[in-house]
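The block underneath contains the structure these notes are about, expressed in structure tokens.
The values are calculated or read from the model by the stated rules, or taken from the named source; none is laboratory data. Given the structure is predicted, the values throughout are model-derived calculations rather than measurements. All Cβ positions, even for glycine, are placed from backbone atoms using ideal geometry, and neighbour counts span all protein chains on display. Areas reflect the complete protein model, heavy atoms only, side chains present, ligands, DNA and RNA absent. Shrake-Rupley method; radii C 1.70, N 1.55, O 1.52, S 1.80 Å.
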Amino acid sequence: MQRRTLDDWKSLVDKQIASGLSVPKFCQQHQLNPKYFYGRKATIVKNESQTGFMQAHVVTQHTMMVSEHQKANFSLTTSAGELSLPGTTSAP
């Protein structure tokens, strides 16, 4: 029986996944014990999911809002007449 390192098993697991073969068929082709393969595969997948490292990408986005305000004229219309003031007129 050949002793394999963790890297050897990782390579075999990667090959099995890439091949699209079921574990029993892959093991039959590579003369591996399926029960042992399942155990090693579970360990490798667990180790890969617990690395804690993730590649991050910094994305910056600047938004500029341009608006043009036109000050409307104030208009007051009554039966006596119409009063129109410019929009820049202060309240007091």
Against the definition (open to solvent by less than 70 Å² (accessible area, probe 1.4 Å) and of a type in the set (A, V, I, L, M, F, W, C)), how does ILE17 come out, yes or no?
no
Flagged in segment 22-33 as open to solvent by 50 Å² or more (accessible area, probe 1.4 Å) and without any contact (Cβ under 8 Å) to a residue 12 or more places away in the chain, in numbering order, are SER22, PRO24, LYS25, GLN28, GLN29, GLN31, ASN33
I'm trying to understand the selection: among the residues of segment 60-92, which are under 21 Å from the mean Cα position of the chain (by Cα) and either modelled with pLDDT under 75 or closer than 30 Å to LEU12 by Cβ (or both)?
HIS62
What do you reckon, is HIS57 open to solvent by 100 Å² or more (accessible area, probe 1.4 Å) and modelled with pLDDT under 75?
no
